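A.B. asks: I have a structure I would like to understand better, so I am pasting it below and will then ask my questions one at a time.
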Amino acid sequence: MEYGPLPRPPLTDFERVTNREFLGNNRFKLGLFSFNKDGGLTNTLAPERWDARWENQVALAQAGEEAGIEFLLPLAGWRGINGKAEGDGDFYESLTWAAGLLAKTQKIHVFSTIHVHFLNPIFAAKQAVTCDHIGSGRLGLNLVAGYNKDEFSMFGVNYQGHEDRYAYLEEWLTIVRQIWTNHGPFNFNGSHFNLSNVWGGPKPLGSDRPILVSAGSSETGRNFALKYSDALFMFIADIDTLEEEVRSIRKSMGNRKIKIYASGHVFCKKTASETKDYYHYLIHEKGDWDAGHYLLKAYEEIKSAPTEVLHAPEFIERLMSGHGTFPIIGDPDEIVAVWKRISDAGIDGMAFALPNYMEDFKIIQEDVLPRLENLGLREKYFS
């Protein structure tokens with residue numbers, strides 16, 4: 001008997017189309033954010049902080065999938081943020097993390113967050129396609145042009161100016177996309193890369209590529225997202241002016257329409273008073289304030305928020321509770337009210353962090369998601 005490779009079955013409609021979109025028809029889509037990092041986004045010394053061991057990663061990913069959450073989005077990092085918490089700097093590397101979770105789930109999208117200066121584009125293109133095939137087309141990439149100056153020093157990579165970092169990202173992505181689409185070798189000559197006889201296979205699953213997202217608060221970052229990404233993750237400085245800002249972004253899109261998402265962090269218990277006590281305990285009684293001040297310096301370096309926001313006295317607390325993402329704090333009704341305001345302002349969805357993901361996600365699943373369904377922001381999900 002002769003053995004050979006099994007023929008690849010024809011792609012289903014789901015594989016061809018749906019897996020290249022943020023899944024489903026929900027008006028307001030949700031993703032679990034940054035749980036690949038020990039402690040998540042909450043800078044606290046409390047023993048209740050998130051324990052990011054692998055079995056907890058898998059359990060949360062599967063719980064999110066069972067609840068109908070659309071995507072999982074990791075934080076990328078290679079060193080700590082000078083905090084005092086045990087495990088500061090413990091991140092799962094996000095491409096291998098994505099591969100592992102794609103193998104453990106069936107429907108949910110899993111992103112990898114890539115700091116492009118630390119990963120060769122040829123290597124990244126093949127890694128991404130490997131993940132893409134493991135997950136039957138459910139991989140997405142979150143592209144980052146530079147975040148932590150100390151990490152550049154650790155890698156021995158020159159920390160370029162803001163504009164140059166995005167120019168590097170543009171060349172990096174051009175190479176990756178050519179590897180994914182070219183069926184023969186090519187040369188690339190740019191300001192940052194000079195490559196000869198480049199080729200890579202296999203190609204992404206189906207006839208398309210992984211979803212690409214990027215954050216952008218600066219004009220340069222936002223323009224990059226509008227030109228290359230499928231979704232922009234915007235910074236919410238003030239919910240009262242959010243609708244006007246979203247309208248301005250959509251007006252600037254021209255013919256290329258992309259999604260607009262935001263990132264946030266949620267503190268939610270059954271009652272408002274319980275939530276207030278929980279927040280006070282984690283941040284004011286047990287807060288890792290060394291980490292918060294380190295983040296403030298890093299955010300000023302990369303222009304990740306408007307200057308007036310960075311210099312506002314209350315912003316350091318926002319860094320403490322959620323690395324500067326938008327804070328949503330209250331009981332289930334209050335969480336839902338804020339998410340409705342954000343959706344009504346034109347935001348398509350949010351990646352959100354939790355102080356203790358497994359414990360706090362139970363409240364999201366049991367008390368918040370049904371309320372969103374009742375408002376028509378999400379459809380009831382049957383796993």
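The numbers here are math on the coordinates, done by the rules we state, and not lab data. Keep in mind that this is a model prediction, so the values were computed, not measured. Heads up, the Cβs are rebuilt from the backbone with ideal geometry, glycines too, and the neighbour counts pull from every protein chain shown.
A.B. asks: Can you bin region 42-159 into rounded, prolate or oblate? Criterion: square roots of the alpha carbon gyration tensor eigenvalues sorted a ≥ b ≥ c, rounded for a/c under 1.5, prolate for a/b above b/c, oblate for the rest.
C.D. replies: Oblate.
A.B. asks: Tell me, what does the Kirkwood hydrodynamic radius of region 148-264 come to in angstroms if you use every pair of distinct C-alpha atoms?
C.D. replies: 16.5
A.B. asks: Provide the gained length on full extension for the span W78 to R27, in nm with one decimal, where the gain is 0.36 nm per separating residue minus the Cα-Cα distance.
C.D. replies: 14.9 nm
A.B. asks: Quick one: compute a quarter of the convex hull surface over the Cα atoms of region 340-383 and quote it in nm².
C.D. replies: About 3.7 nm², averaged over all directions.
A.B. asks: Residue by residue through region 282-288, what is 3J(HN,Hα) from phi via Karplus (6.51 cos²θ - 1.76 cosθ + 1.60, θ = phi - 60°)? Round to whole Hz and write x for glycine and proline.
C.D. replies: Residue by residue, region 282-288 yields 5, 9, 8, 8, 10, x, 9 Hz.
A.B. asks: Next question, about the same structure. Over the Cα atoms of the chain, what radius of gyration and what Dmax do you get, in Å?
C.D. replies: 20.5, 74
A.B. asks: What is the distance in Å between the Cα centroid of region 174-221 and that of region 65-129?
C.D. replies: 19
A.B. asks: Which residue, E219, E274, E171, tops the fluctuation ranking in a GNM of the chain built on C-alpha contacts under 10 Å?
C.D. replies: E219
A.B. asks: Then there's this: Report the far tail of the P(r) of region 264-315, meaning the percent of Cα-Cα pairs longer than 16 Å.
C.D. replies: Result for the distance tail: 56 percent.
A.B. asks: Okay, moving on. Counting Lys and Arg as +1 and Asp and Glu as -1, each charge on the Cβ, what is the dipole of region 26-374 about the Cα centre in debye, to the nearest 20?
C.D. replies: So the dipole magnitude of region 26-374 works out to roughly 1320 debye.
A.B. asks: Test of understanding: in a Gaussian network model of the chain with alpha carbons linked when under 10 Å, which of F152, F91, F35 would top the mean-square fluctuation ranking?
C.D. replies: Largest GNM mean-square fluctuation: F152.
A.B. asks: Relative to a virtual label point 7 Å from the Cα of N56 in the Cα→beta-carbon direction, which members of region 76-93 show backbone nitrogen distances below 16 Å?
C.D. replies: Those under the cut-off are 85-93.
A.B. asks: With all pairs of different alpha carbon atoms counted, what Kirkwood hydrodynamic radius in Å does region 41-110 show?
C.D. replies: Every distinct Cα pair counted, the radius reaches 13.2 Å.
A.B. asks: Which entries in K107/K362; K251/K362; K104/K362; K251/K340; K270/K380 show an alpha-carbon gap greater than 28 Å?
C.D. replies: K251/K362
A.B. asks: Tell me, S191, S218, S321 in order of fewest to most beta-carbon neighbours within 10 Å?
C.D. replies: Fewest-to-most Cβ neighbours within 10 Å comes out as S191, S218, S321.
A.B. asks: Mean projection of the alpha-carbon convex hull of region 281-378 over all orientations, in nm²?
C.D. replies: 7.3
A.B. asks: How much of the DSSP beta bridge set in region 26-374 is antiparallel, as a percent to the nearest 5?
C.D. replies: 15
A.B. asks: What spacing in nm lies between the two simple spin-label points modelled at E86 and H162, each 7 Å away from Cα in the Cβ direction?
C.D. replies: About 4.0 nm, to one decimal.
A.B. asks: Can you give the local net charge around K227? Use residues other than it whose beta-carbon is closer than 11 angstrom to its beta-carbon, Lys and Arg +1, Asp and Glu -1.
C.D. replies: Net charge around K227: +1.
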